[in-house]
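Below: one structure, written as structure tokens.
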Amino acid sequence: MHTHGLIELALRSGASLAGISDADALRMSPSHCETAQQTLPETARAVLVLALHHPMAKPDLDHWGGEGFGVVGIIYT
């Protein structure tokens with residue numbers, strides 16, 4: 001599947017925003033550096049990034065996958 005098709009699939013599936021990020025840019029981000037649970041394999045070149053808009057009154061939706069995790073899953077390319 002091409003990048004555009006993957007992003008379109010994510011949006012049709014309920015993501016508010018979707019995009020592809022360079023894996024090296026994510027590896028250097030503050031949240032990645034501070035959270036050992038969000039490690040990327042050395043071989044990952046790109047990451048599908050999803051966002052879900054939610055009410056401010058539901059901050060638990062920031063932690064898909066449980067407390068301490070910021071994502072439900074990661075697709076590596």
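Filtered by the rule that a residue be under 22 Å from residue 54 (Cα atoms) and loosely packed, with under 11 Cβ neighbours inside 10 Å, the stretch 1-28 gives 12, 13, 14. Show the residue pairs meeting these rules: Cβ distance below 6 Å; 6+ apart or different chains; first residue within the stretch 49-62 and within 20 Å of residue 13 (Cβ to Cβ); second residue of a type in the set (S, T, N, Q) and part of a loop (DSSP other than H, G, I, E, B). Partner pairs satisfying both residue conditions: 51/16; 52/16; 53/16.
Just so you know, in the stretch 29-44 the residues that are surrounded by 11 or more Cβ atoms within 10 Å (Cβ to Cβ) and not in a helix (DSSP H, G or I) include one that is modelled with the highest pLDDT, and it is 44. Of all residues in the stretch 1-17, those being touching a strand residue (DSSP E or B) at 6+ places or on another chain (Cβ under 7 Å) and free of Cβ contacts under 8 Å to residues at least 12 places away in the same chain number 1. If you filter the stretch 46-77 down to residues that are assigned to a loop (DSSP other than H, G, I, E, B) and modelled with pLDDT of 70 or more, you find that the one that is surrounded by the fewest Cβ atoms within 10 Å (Cβ to Cβ) is 56.
The values are calculated or read from the model by the stated rules, or taken from the named source; none is laboratory data. Nothing here was measured: the structure is a model prediction, and the numbers come from that model. As a convention, Cβ positions derive from the backbone with ideal geometry for all residues, glycine included, and neighbour counts pool all protein chains shown.
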